[in-house]
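Report on the following structure.
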Amino acid sequence: MKDRSASYKYKSANGLTASNLLEFLAQGGTDEKALRELADSILNYVEARRDCADFRAAYLVRMLYGFSDRFPKDIYKRIKEDLLAFPYEDCGGHSMCTWTENHRLYASGTEFLLAEMFPGEIFGDGRSAVYHQAHGEAELITGLDEILKFGFSEWGSNNYYAETMAGLTNLVQFAPDGEVREKAKKVLTMMVYDVLSQTYYCNGYVYNPACGRAYADNKTGSDLGNYLEPQIMAMRGEKVCRFKEKECCMVLLLEAKDEKGRPLFEIPEEWKKLPDTDGREISLVQGVDIDDYKKYGLAEYSPSNVRAAFKAGAISDYRVICNTMRYLKETGLVDNGMLRPLKTFAIPFLYRTGLLKAIKKLVPVSFDGAAMEEGRVYTYACREYSVSAAFDYRVGKVLFQQNPLAVNIGYRISLCVTNPSSGPDKKGSPGYWIGSGIAPRAVAYRNFAACIFDLKKAKKDLKYTHLFFPTGLFDETDLGDLDKGRIFGRAGNVNVCVRFNPGAKFVPAAESLEKDKALYQDEKIPEGYYDKEYDLVNRAEGLHYYAFELDGKLGFEEFKEEARKREFFFSEADKTLYSGLYDCKAVYNGAFTVGGKEFRPDFERPGKAANVT
C-alpha cells in the first residue's frame, strides 16, 4: 500500500497517528489543537468550492452524525454553516465537477442527510430543509434505481468505486429507515460482490479489472494505485486503523451496530473467501450504451435523463448533446469552470433545431465520443494474478479514462496497453498512459488475453501503441527475443510472455524519467519508482497486436521453453490473431473462438450475480 507516513503527524489518544480529520476522530483523537488544524484544512477546501469539494462535504456530514460531541462549538457551527451553504443542485460559478456517478451520489446524499439532521434550517440557496430533504431523496432514489438496473457507470474503477462506496456507506449508516436506506444497502451489496469476486491477495490486495475509469497509478500497480485496499481488508474482517477519509467510511460502517447490537451491514462469509479462491471466472455487464437510451426512456429531454448521460461522461457526445446544452444553459452550469469550454455550443438555436447534433457528429471536439458506455467485463482471477478484458468495448473509438485490458501480476505489477492521445511530456486525460486515442479489440480466456489495434483513425503524429512493462519490478526478465516480438518476465511464482509486432523497442529509462510527466503527474507515483525500462513502444505499420500468456506453476526456464514452442501467428490481411494456448483465435471485427467454438461469456448484471432482489 502506498506509503503515506509523511502525512501521519497528528497523534491520537491511543498512540496512533492520523493524516486527516475523520481518521483522527475515528482513532479517538482528542487534542484540540490538532483537531482545529485538521478541521481548518478540510473546511478551507470546501469553502473554496474546489474540484472534489463535494467529497469533503460528505466526510463532514459523516463527522456531524458520528462525532458531533467531539467538536468545539465554533468548529461545529462552522461545519454546519459550510454544509448548509454548499450548492447541492447543478449550478455554475465554481470549478467543481458535479455530474459523474460518484459526485451525484455524494452531493444528493449529503443534501439528504443534512436536511434530516437540521429539519428546521434554511439552506444557503434560501430554500428550506424540507425542500432539500425531498429533493435529495428524489435524486437518490432515481440514481440508486439506475444503478440497481444497469450496474455502475464507472464500472470496475478501483479509484472511483472508493468514492461511490463512501457515499453509499453514509446512507446505509445514517439515513432513516426507508426506501433510500434499503436501496443504498442493495447497491452497496452489489459493489462488495463486484470487488471481492475479482480481488486476489498476493502480499497485498489487488482489485484492478478492465474498467471504465483509471488513472496511471490505478492501471500500473496495486501498491500505489488500488484505492480500495483498506476497505477490502475491512470487508475480510481485518482490523484497519489508518485510512483516507473515503476509505474510513466503509471501515466505520462495518464496525457500526444498531440499537440491538446487530451489525448495520454484513458481508456473506462465502464472499469473504473469494480472494483466496483459485481459478475464478467472473463476467459482469454494467452501464448503458447511448444507442439504447431510447429503449430505456432516457433519450427525451428531462433533467433526470441529462444527469443519466452526465453519469456516463457523455457530456458532448453528438447523440445527447442537444439535451445536454439545453440543460447547461437553463441551469447556468455552463459557467462551471470545467464546462466553460462548451459554452460556445450552448446556443438555443443550435440545440433547438438539432443542428448542434450534426455539427458534433461531423466535427468531434473536446471529449466527444469518450462516454463510459456499457462494459462487458470478463475476469479470470487466481491467487497470484488476474486477467481481465472488456469484450468488444468501443472498438476503434476514443477512450477517455477507460482501460479495456488489465493483466495483474502479484501485487506491484499491472500491465496495460494504449494508443496515446498525447506525448509523454504532456499531462492530462486522455493522455499518454490514461485512456486511449483509439480503443483496441480486447479479449481474454483464463490465463490468455489479447488486443488488436487498428490505427487508421489515430492522431497523425501518434500512430503507435505502447505497452507498460516495468522491467525493474520483475524478479527476472528475458528480453532476448525482443526483435522477434516476444518478451518474458517472472514475478514471484507468476510467469508472463507478451507477444507483439516485431520491431518494438523500449524507451531508455533515462529518457522516460526525464520526459514522462504523464506517469508522474500529481505525484501519485514517486519520482524514480521505475528505475529501469518500462515503456515498450510499437511503431509497426498496419495493425498492432499484443498477446499475454500467464502461468503460476512452471519454472521460468520451463515456461519460456513451452511458450517458444507454442504456435502463434498474426495475419494482417485477415486481422486475425491465433495462439495455440487453448486454441484461441481473435478476429478484429469478428468472433473470438476457443477450441474452435465462439467464446461468449454469460455476462450478468451485478445485482443478479450478487443475488440482490
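A few remarks follow.
- Region 70-111 - residue that is of a type in the set (Asp, Glu) and at pLDDT 95 or above and, of those, farthest from residue 137 (Cα to Cα): 74
- For residue 432, the stated conditions do not hold, so it cannot be described as among the aromatic types (Phe, Trp, Tyr), more than 23 Å from the chain's Cα centre (by Cα) and either surrounded by 24 or more Cβ atoms within 10 Å (Cβ to Cβ) or under 26 Å from residue 541 (Cβ atoms) (or both).
- Meets criteria (buried (at least 21 other Cβ atoms within 10 Å of the Cβ) and aliphatic (A, V, I, L, M)) for residue 250: yes
- Residue list for region 8-27, filter: surrounded by fewer than 14 Cβ atoms within 10 Å (Cβ to Cβ) and either in contact (Cβ under 8 Å) with a residue 12 or more places away in the chain or under 14 Å from residue 244 (Cβ atoms) (or both): 13, 14
- When the test is whether a residue is of a type in the set (A, V, I, L, M, F, W, C) and either modelled with pLDDT under 95 or more than 19 Å from the chain's Cα centre (by Cα) (or both), residue 400 passes it.
- Residue check for residue 535: in contact with a Gly (Cβ under 6 Å, 6 or more places away or on another chain) and under 19 Å from residue 467 (Cα atoms): no
- Region 255-270 residues that are surrounded by 10 or more Cβ atoms within 10 Å (Cβ to Cβ), paired with ones that are assigned to a helix (DSSP H, G or I) (beta carbon under 6 Å, 6 or more apart): 256/173; 264/173; 265/172; 265/253; 267/192; 267/235
- Counted residues, region 434-456 - those being of a type outside the set (Lys, Arg) and in a strand (DSSP E or B): 11
- Taking residues in region 578-600 that are outside the structural domain of residue 447 (by TED's automatic domain parsing), and partners anywhere that are exposed (fewer than 14 other Cβ atoms within 10 Å of the Cβ) and among the charged types (D, E, K, R), not one pair has Cβ atoms closer than 7 Å while being at least 6 places apart or on different chains.
- Scanning region 337-346 finds one or more residues that are at pLDDT below 85, closer than 29 Å to residue 406 by Cβ and in contact with a Cys (Cβ under 8 Å, 6 or more places away or on another chain).
- Inside region 536-569, residues that are part of a strand (DSSP E or B), among the hydrophobic types (A, V, I, L, M, F, W, C) and closer than 24 Å to residue 459 by Cβ make up a count of 2.
- Exactly one residue out of 326, 319, 340 is without any contact (Cβ under 8 Å) to a residue 12 or more places away in the chain, surrounded by fewer than 22 Cβ atoms within 10 Å (Cβ to Cβ) and not hydroxyl-bearing (Ser, Thr, Tyr): that is 340.
- Residue list for region 457-495, filter: charged (D, E, K, R), in a helix (DSSP H, G or I) and without any contact (Cβ under 8 Å) to a residue 40 or more places away in the chain: 460, 461, 483, 484
- Among the residues of this structure, residue 431 counts as one that is part of a loop (DSSP other than H, G, I, E, B), in contact (Cβ under 8 Å) with a residue 12 or more places away in the chain and in the same structural domain as residue 592 (by TED's automatic domain parsing).
- Applying the criterion of being outside any loop (DSSP other than H, G, I, E, B) and of a type in the set (S, T, N, Q) to the residues of region 570-613, the residue that is surrounded by the fewest Cβ atoms within 10 Å (Cβ to Cβ) is 571.
- Test result for residue 285, in contact with a strand residue (DSSP E or B) (Cβ under 7 Å, 6 or more places away or on another chain), in contact (Cβ under 8 Å) with a residue 40 or more places away in the chain and outside the structural domain of residue 447 (by TED's automatic domain parsing): yes
- Of all residues in region 392-402, at least one satisfies being among the β-branched types (Val, Ile, Thr), assigned by TED's automatic domain parsing to the domain that holds residue 582 and surrounded by fewer than 24 Cβ atoms within 10 Å (Cβ to Cβ).
- A single entry from 276, 217 fulfils the requirement of being surrounded by fewer than 20 Cβ atoms within 10 Å (Cβ to Cβ), among the acidic types (Asp, Glu) and farther than 29 Å from residue 14 by Cβ: 276.
The values are calculated or read from the model by the stated rules, or taken from the named source; none is laboratory data. These numbers come from a predicted model, not from an experiment. FYI the Cβ positions are ideal-geometry reconstructions off the backbone, even for glycines, and counts take in every protein chain you see.
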